[in-house]
Amino acid sequence: MSSIRFVMLGGFLGAGKTTTIARLARHYQQQGLKVGIVTNDQATDLVDTNSLRAQGFDVGEVPGACFCCNFHKLTETVGELEMSARPDLILAEPVGSCTDLVATVVRPLQQLYGATFDVAPYAVLLKPSHGSRILRGESKGGFSPQAAYIFTKQLEEADLIVINRVDELSPAETDELAAMLAERYAGTPILRLSAKAGTGFAGLVEVLDQRGRFGQRLMDVDYDTYAIGEAELGWLNSSLEIDASEPLDLDALLVDIITRLRDRLATIEAETAHLKVIGMAEGLYGVANLVSSFSPPELSLASRGQIRAAQLVVNARVATSPETLTELVEQTVAEACAARGARAKIQQTQSFRPGRPVPTHRILEPTT
């Protein structure tokens, strides 16, 4: 039996991993390959999973912990996809607050499952909104030094650094960011990409399709600092039902929820790592998101639909307490719905701070 190509795409919360993976999945399907996708989160009810499934992809989810701390669930989920969809290629999206993934995911797959998986180069997407501030060492980079530590470590272990969202930057801003990366991570290839518009996409595919020795970068990780950085974020996943007496614009509702949340969080100076909300109804789906407190809300997938009832899933990763985050999200969704004569009923909410990462495997020696 031939091995399954395994492509994992890393990057911080809000870097654009899901959009990139969707574009990659469509590309490989057009090449005649069967594609499976594995998403990952610290909890269930993940916007990314719902979004990718709504686009027609075969998706498995590893909930409850990152790939590194739930490695057996990762391989089990891939096995389930293999049985049901028989994919030629797996696209994997790890939790955006995780690092040390080469030692805890890439090398274990290479050394323990080498006959099963053909592991691709590990590409890490850079999020310009926080990245430029963190790389400059600005005091108002948005997060604590411990959270910034995770961001920089993600880039350090990459086989390829991808500056995503270049459509949102001027050429001068992109050049400055590339120069900072080249100086700090000398020897690591740097690619410029707009996953949304497709700019630079062919170059990304060219690198990911390479065969050879990858995951070779040795990296020390201070797990105490790593744990503090992850725990800075309040983590919320909430699912809700919406019903209205009159049809309402689903996209406008989603953007309004994100906008109201941004404004509320600004009043308490709570930095946003990522906010996402997906609305699903009668074959329609739309997604709105916010990637930082100093970025505009974005309708990343438009439903262009009018609805009377819908299912919403809200994911929030914000530097505030889980209790505050829960209260703000519940109030904000209720207000946005009430402004349209609609009601929101909460089905389930999970809100917490991520615990200390404890990897299943950690292999420091590169594959020979």
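Taken over the range 2-49, the criterion of being assigned to a loop (DSSP other than H, G, I, E, B) and either on the phi > 0 side of the Ramachandran plot or polar (S, T, N, Q) (or both) is satisfied by SER2, SER3, GLY14, GLY16, GLN31, GLY32, GLN42, THR44, ASP45. Quick check: anything in the range 123-135 assigned to a loop (DSSP other than H, G, I, E, B) and small (Gly, Ala, Ser)? Within the range 123-135, not a single residue is assigned to a loop (DSSP other than H, G, I, E, B) and small (Gly, Ala, Ser). Taken together, the residues in the range 28-42 that are more than 18 Å from LEU301 (Cβ to Cβ) and either in contact (Cβ under 8 Å) with a residue 12 or more places away in the chain or not polar (S, T, N, Q) (or both) amount to 10. Checking each residue in the range 287-319 for being farther than 25 Å from LEU248 by Cα and surrounded by 21 or more Cβ atoms within 10 Å (Cβ to Cβ) picks out VAL291, SER292, ARG317, VAL318. It is to be established whether one or more residues within the range 142-163 are among the charged types (D, E, K, R), under 19 Å from ASP100 (Cα atoms), at pLDDT 95 or above and in a loop (DSSP other than H, G, I, E, B). The answer is yes; a qualifying residue exists.
Just to verify a result, which residue in the range 186-211, among those that are assigned to a loop (DSSP other than H, G, I, E, B) and in contact (Cβ under 8 Å) with a residue 40 or more places away in the chain, is farthest from the chain's Cα centre (by Cα)? Checked the range 186-211; the qualifying residue farthest from the chain's Cα centre (by Cα) is ARG211. Among the residues of this structure, VAL329 does not count as one that is among the aliphatic types (A, V, I, L, M) and within 19 Å of the chain's Cα centre (by Cα).
Residue-level analysis places SER295 among those that are modelled with pLDDT under 95, within 18 Å of ILE258 (Cβ to Cβ) and not in a strand (DSSP E or B). Do the conditions hold for SER239, that is, is it assigned to a strand (DSSP E or B) and either assigned by TED's automatic domain parsing to the domain that holds ARG26 or in contact with an Asp or Glu (Cβ under 8 Å, 6 or more places away or on another chain) (or both)? For SER239, the condition - assigned to a strand (DSSP E or B) and either assigned by TED's automatic domain parsing to the domain that holds ARG26 or in contact with an Asp or Glu (Cβ under 8 Å, 6 or more places away or on another chain) (or both) - is met.
Scanning the range 242-262 for residues that are out of contact with any Leu (no Cβ under 6 Å at 6 or more places or on another chain), surrounded by fewer than 23 Cβ atoms within 10 Å (Cβ to Cβ) and not in a strand (DSSP E or B) yields ALA252, ASP256, THR259, ARG260. Number of residues in the range 125-149 that are surrounded by fewer than 24 Cβ atoms within 10 Å (Cβ to Cβ) and either in contact (Cβ under 8 Å) with a residue 40 or more places away in the chain or over 20 Å from the mean Cα position of the chain (by Cα) (or both) equals 16. Of all residues in the range 235-264, those being touching a helix residue (DSSP H, G or I) at 6+ places or on another chain (Cβ under 7 Å) and of a type in the set (A, V, I, L, M) number 6. Among residues of the range 356-368 that are of a type in the set (Lys, Arg), those with a Cβ under 6 angstrom from a residue that is modelled with pLDDT of 95 or more, sequence gap 6+ or separate chain, pair up as ARG356/ALA227; ARG362/ALA103; ARG362/THR104. Among all positions in the range 85-107, there is at least one residue which is at pLDDT below 95 and either assigned to a strand (DSSP E or B) or not aromatic (Phe, Trp, Tyr) (or both).
The values are calculated or read from the model by the stated rules, or taken from the named source; none is laboratory data. Quantities reported herein were computed from a predicted structural model and do not represent experimental measurements. All Cβ positions, even for glycine, are placed from backbone atoms using ideal geometry, and neighbour counts span all protein chains on display.
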